[in-house]
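The values are calculated or read from the model by the stated rules, or taken from the named source; none is laboratory data. Everything numeric in this text was worked out from a predicted model, so none of it was measured. Cβ placement follows ideal geometry from the backbone for every residue including glycine, while neighbour counts extend to all protein chains displayed. For the accessible areas, the whole protein counts, side chains as well, though only heavy atoms, and no ligand, DNA or RNA atoms are used. Shrake-Rupley method; radii C 1.70, N 1.55, O 1.52, S 1.80 Å.
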Amino acid sequence: MAGGDGAGTRVREDGVRVLVTGAGGFVGGHLCSALVQRGHEVVPVVSPRGAAAGGFAIDLTDAEATARVVGQTRPDAVIHLAARARPGGLESAPMLLDNNVRAARSVLESLRCVAPEAKAIVVSSSAVYGPVPAERNPVDESEPLHPSLPYGASKVAVEALTSVYQAQGLDIVIVRPFNLLGPGLGSEFVGSRFAQQIARIAAGLADPVIETGPLEPVRDFTDVRDAVRAYVALLERRTGPGPYNLCSGSPRAIGEVLREMLAVAGVTATIQQHPRAGTRPGLDVPYQCGSRTALGNAVGWVPEIPWSETLQGVLADWRARVSAGAS
């Protein structure tokens with residue numbers, strides 16, 4: 001269960017060496033910057049596909065390569081962000097389960113053998129909850145885990161593996177982020193996909209039509225810059241092992257997000273909604289909103305960035321990308 005000994009309990013004041021997996025990704029870039037600003041030394045670990053981002057480029061499912069990096073750098077802490085998140089049905093289950101569990105095992109086993117005193121933050125996902133009736137929202141950490149997609153199932157497996165290493169005495173904290181939004185997010189995610197289309201319309205590169213799937217689902221969005229503050233707070237403060245939901249606690253319908261983004265951008269467009277082909281009952285989550293009480297009690301974290309600023313940041317990022325010819 002989530003718990004801790006209060007938001008005022010800090011581990012240490014001086015900077016520590018933090019190994020960050022997934023450092024080349026959306027969250028990783030923001031997290032590395034936030035850690036440096038706090039005076040920590042960052043050891044970035046990136047996928048071989050993202051070697052241009054700098055850092056140690058390794059396949060985390062390679063246990064020997066992972067152990068070499070941990071042994072060479074001797075981190076004081078690890079924040080394990082890296083995971084495959086390919087959407088899809090059952091056909092993606094073997095790949096996601098194999099990759100995400102093996103990567104987590106490589107990281108945790110390396111710590112057990114080489115740096116057992118290091119603190120580890122393992123980033124899970126709100127996908128572990130699956131569909132929860134609206135009346136049981138906001139979801140707290142006591143909600144039974146019933147993932148409806150392979151990605152969520154892989155994260156349940158990672159959490160189970162983590163508990164084994166916790167039982168071996170490792171200091172590991174589990175965090176369950178809900179939907180994150182902010183500059184740098186890929187267009188495969190709904191809020192960023194809207195911003196991409198709006199930026200292209202504003203630049204005169206596309207007709208004023210927004211193509212979208214279902215607009216009725218409700219999600220809980222948190223600005224990525226607020227989210228990385230939470231990770232840093234969990235690193236710097238003494239807490240229980242979690243799990244901790246990382247969320248805003250504010251439910252927003254996807255259609256509402258689109259309308260607000262259009263208004264912020266000053267763009268008028270026709271919304272062309274398409275039913276999602278091949279959707280099977282039970283796989284989608286119609287309503288999800290989290291409770292952030294446990295995280296707030298543990299480290300004093302609350303979201304600080306206004307929603308309008310989040311939308312402005314995503315739009316500005318996509319305007320820059322479109323202007324640079326990135327999409």
* To do: Grab the Cα-Cα distance for Arg68 and Gln312, subtract it from 0.36 nm times how many residues apart they are, and report the gain in nm with one decimal.
  => 83.7 nm
* Asked: Which stretch or stretches of region 202-228 have amide N atoms under 12 Å from the point lying 7 Å from Val267's Cα along the Cα→Cβ direction?
  -> 202-211
* Report in % the part of the accessible area of the chain that belongs to carbon and sulfur, leaving out ligands and nucleic acids; probe 1.4 Å. => 53 percent
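Assuming 0.36 nm per residue, please report the length gained on full extension of the stretch Ala134 to Asp98 beyond their Cα-Cα distance.
Values: separation 36, 0.36 × 36 = 12.96 nm, distance 3.20 nm.
Length gained, Ala134 through Asp98: 9.8 nm.
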* Cβ crowding within 10 Å averaged over residues, with 296-304, 234-242 ranked highest first -> 234-242, 296-304
* Structure fact -> The simple spin-label model distance between Ser33 and Asp284, using points 7 Å out along Cα→Cβ, in nm, is 3.4 nm
* Give the angle, between 0 and 90 degrees and rounded to the nearest 10, that separates the Cα long axis of helix 26-37 from the longest principal axis of the Cα atoms of the chain. => 60 degrees
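Of Val164, Val42, which has the most accessible area and how do the rest follow, probe 1.4 Å? If you can, show how the numbers build up before the last one.
On the way: Val164 80, Val42 35 Å².
Putting Val164, Val42 in descending order of accessible area: Val164, Val42.
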* Glu216 versus Glu260, label points 7 Å from Cα toward the beta carbon: distance in nm? -> 2.1 nm
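Work out how much length His274 to Gln168 would gain on full extension: take 0.36 nm times their residue separation and subtract the Cα-Cα distance, in nm to one decimal. Before the final figure, lay out the partial values.
Numbers: separation 106, 0.36 × 106 = 38.16 nm, distance 4.95 nm.
Difference between extended and current length: 33.2 nm.
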* To do: Kindly express, to the nearest 10 degrees and within the range 0 to 90, the angle between helix 150-167's C-alpha long axis and the longest C-alpha principal axis of the chain.
  => 20 degrees
* To do: Considering only Ala263, Ala253, Ala230, give the residue with the highest GNM mean-square fluctuation for the chain, with springs between Cα atoms whenever their separation is below 10 Å.
  => Ala263
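For region 206-266, what's the relative contact order in percent, using C-alpha pairs closer than 8 Å and at least 6 residues apart?
53 percent
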* So if R0 is 56 Å, what FRET efficiency would Glu117 and Ala253 give, r being the distance between their Cβ atoms, rounded to the nearest 0.05? -> 0.75
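Normalised by the number of residues in the chain, what is the relative contact order in percent for Cα pairs under 8 Å and 6+ residues apart? Before the final figure, lay out the partial values.
Working: 660 pairs, mean separation 72.3, N = 327.
Worked out over the chain, it gives 22 percent.
Taking a probe of 1.4 Å, how large is the accessible area per residue of the chain, in Å²?
44 Å²
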